[in-house]
Amino acid sequence: MTGSKRDTTAPKPSTAPRGWHPDSWREFPVAQGITYPDPAKLAAAVETLRNMPPLVTSWEIERLKKHLADAQEGRRFILQGGDCAETLADTRPRVISAKLKILMQMSLVLVHGSMKPVVRIGRIAGQYAKPRSQPTERGKLADGREVELPNYFGDLVNRAEFTPEARAADPQLLLAGYQHAALTLNFVRSLTEGGFADLHHPEQWDLAFFENAVLPGTLREEYQRTSRQLSEALRFMEALGEKTIDDLTRVEFYTSHEGLNLEYESAQTRTVPRRDQWYDLTTHLPWIGERTRQLDGAHVEFFRGIANPVGVKISASAKPDEVLRLIETLSPDDEPGKIVLITRMGVRRAADALPGLLSAIKASGRRVLWICDPMHGNTQTTSSGRKTRDFGDILREIEITMDAHAAAGTVMGGVHFELTGEDVTECVGGAAGITEGDLEMNYATACDPRLNYRQALEMAFSIARKLRN
Ligand code: PEP
Ligand code: MN
């Protein structure tokens, strides 16, 4: 436990669950735990982080929670997406604006398909920590010696190069991650405030922006038709004197990341004047990953005490009972908009795994928002050792998930993707026909394979068609 002081001038919330405080997780087993070689340096970095301004505000978090509550009831649709792992080096304007732009464009297509407001949530401004299936990795050093080193756990923890120095957990990266998240958010906030995201001019989100990413003709036409219809609808509403249109010069955009490194999350968990609760102010929507959602583990302990909405990844091996206990632990009062269950079953297991889970949670009467992550159950390795995912599998898992919800009488309230606005070649398939042989052209991910710009937009159209039917 780091012996740093907390701000004692803030009111002590009475609403924290019994026995909980921002550091109570330290008493529990930490899955995917990180060993920092120098505890004094870690304590110093955490203390610095505690005193930095928050990245997001409780007002924004509460507003998102209301939107998520609407989505639970089927009144809004959620689009969550971004990199598997952000890197500090990619804190670049073109990369950030391309990511924002593809999410905007997808959301426009989904508004058209779902006839519902779409809430955009980036995996952005903090998605720097990665869980790994093995804590260590064997490999060759520059001098040819074969050694075992800690695995790369994301830029918030260590560096990817295979050297003992790079792979040692470095507490300074907690501060670098915070700073890069702040820089990213600053740019995202400016872009979404006006101009870039003005819904009166969706033609500004034009496709020419992606010079190298020529869309197949049918997709381009479909996108242009969709944006034209939306602008006409807006002009029509304005002609009727609808006042809320002013709001459409800017769009709401929220952030999310996996709350894996509890040093980072807990250091920025605070009370807020006039609110009797603790907030994790690193992001609006933190989630607990598939590998860290143990009921008696540190992550669930930490996340049960904060007022943010909380996501939980759910694989096909999760038992309905276990999921129900997670919901009860994380949201004992069954607060609307609080729990987001992100299912990532895999195309081959979704049809078997979903019905029992959906009906058990429905029968419990608990409020949850179901989101489908069709990426993480569909990772394959090619014969040349590349991780990839097939566009067809990804789409098919969404379709199976929608059908399972329709049959169970529950709502699939959103989708979750690993994607980028860049023209990468990491996932196979889609109209552009990326094959295994193409993967080497631009395989750039720091972790899992992402949909590229064209695949992401095509995915949005395919989902929109299914939502309309
Ligand atoms: C992720 O979202 O990048 C991830 C690791 O997912 P999961 O916890 O579902 O495996
Ligand atoms: Mn991933």
- Message: Condition first: of a type outside the set (K, R) and not in a strand (DSSP E or B). Now tell me which residues in the range 303-313 satisfy that.
- Response: F303, G305, I306, A307, N308, P309
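Against the condition over 28 Å from R92 (Cα atoms) and either of a type in the set (D, E, K, R) or more than 16 Å from ligand 1 (Cβ to nearest atom) (or both), how does M402 come out, does it pass? Before the answer, list the steps.
Working: over 28 Å from R92 (Cα atoms): yes; either of a type in the set (D, E, K, R) or more than 16 Å from ligand 1 (Cβ to nearest atom) (or both): yes.
Taking the combined requirement at face value, the residue satisfies it.
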- Task: Please determine, by comparing only the residues of the range 20-47 that are surrounded by 14 or more Cβ atoms within 10 Å (Cβ to Cβ) and polar (S, T, N, Q), which one is farthest from F302 (Cα to Cα).
- Result: Q32
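Output the residues belonging to the range 370-389 that are more than 16 Å from ligand 1 (Cβ to nearest atom) and either at pLDDT 95 or above or not in a loop (DSSP other than H, G, I, E, B) (or both).
Of everything in the range 370-389, those that are more than 16 Å from ligand 1 (Cβ to nearest atom) and either at pLDDT 95 or above or not in a loop (DSSP other than H, G, I, E, B) (or both) turn out to be T382, R386.
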- Among (1) surrounded by 17 or more Cβ atoms within 10 Å (Cβ to Cβ); (2) without any contact (Cβ under 8 Å) to a residue 12 or more places away in the chain - the single one R94 does not satisfy: (1)
- Of (1) more than 24 Å from F77 (Cα to Cα); (2) crowded, with 16+ Cβ neighbours inside 10 Å; (3) more than 16 Å from ligand 2 (Cβ to nearest atom), I327 fails just (1)
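Going by what's in this entry, would E440 be described as more than 16 Å from ligand 1 (Cβ to nearest atom), among the acidic types (D, E) and within 22 Å of S256 (Cα to Cα)? Lay out the reasoning, then the answer.
Details: more than 16 Å from ligand 1 (Cβ to nearest atom): yes; among the acidic types (D, E): yes; within 22 Å of S256 (Cα to Cα): no.
Against the criterion (more than 16 Å from ligand 1 (Cβ to nearest atom), among the acidic types (D, E) and within 22 Å of S256 (Cα to Cα)), E440 does not qualify.
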- Note on the structure: Taking the range 390-426 and keeping residues in a loop (DSSP other than H, G, I, E, B) and more than 16 Å from ligand 2 (Cβ to nearest atom) leaves G409, T410, V411, G421, E422, D423, T425
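For (1) in a helix (DSSP H, G or I); (2) buried (at least 20 other Cβ atoms within 10 Å of the Cβ), each residue gets a yes or a no:
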{"position": "L49", "(1), (2)": "yes, yes"}
{"position": "M52", "(1), (2)": "no, no"}
{"position": "V56", "(1), (2)": "no, yes"}
{"position": "W59", "(1), (2)": "yes, no"}
{"position": "R63", "(1), (2)": "yes, no"}
{"position": "A69", "(1), (2)": "yes, no"}
{"position": "R75", "(1), (2)": "no, no"}
{"position": "Q80", "(1), (2)": "no, yes"}
{"position": "C84", "(1), (2)": "no, yes"}
- Considering only residues of the range 279-302 that are assigned to a strand (DSSP E or B) and touching a residue at least 40 places away in the same chain (Cβ under 8 Å), which is surrounded by the most Cβ atoms within 10 Å (Cβ to Cβ)? W287
- Please find, within the range 120-133, the residue that is surrounded by the fewest Cβ atoms within 10 Å (Cβ to Cβ) out of those that are out of contact with any Ser or Thr (no Cβ under 7 Å at 6 or more places or on another chain) and modelled with pLDDT of 95 or more. R132
- Query: Looking at (1) more than 16 Å from ligand 1 (Cβ to nearest atom); (2) touching a strand residue (DSSP E or B) at 6+ places or on another chain (Cβ under 8 Å); (3) closer than 29 Å to P117 by Cβ; (4) not aromatic (F, W, Y), which is the only condition A408 fails?
  - Reply: (2)
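The values are calculated or read from the model by the stated rules, or taken from the named source; none is laboratory data. Note that this is a predicted model, so its numbers are computed, not measured. Neighbour counts are summed over all protein chains in view; Cβ atoms, including those assigned to glycine, are modelled from backbone coordinates with ideal geometry.
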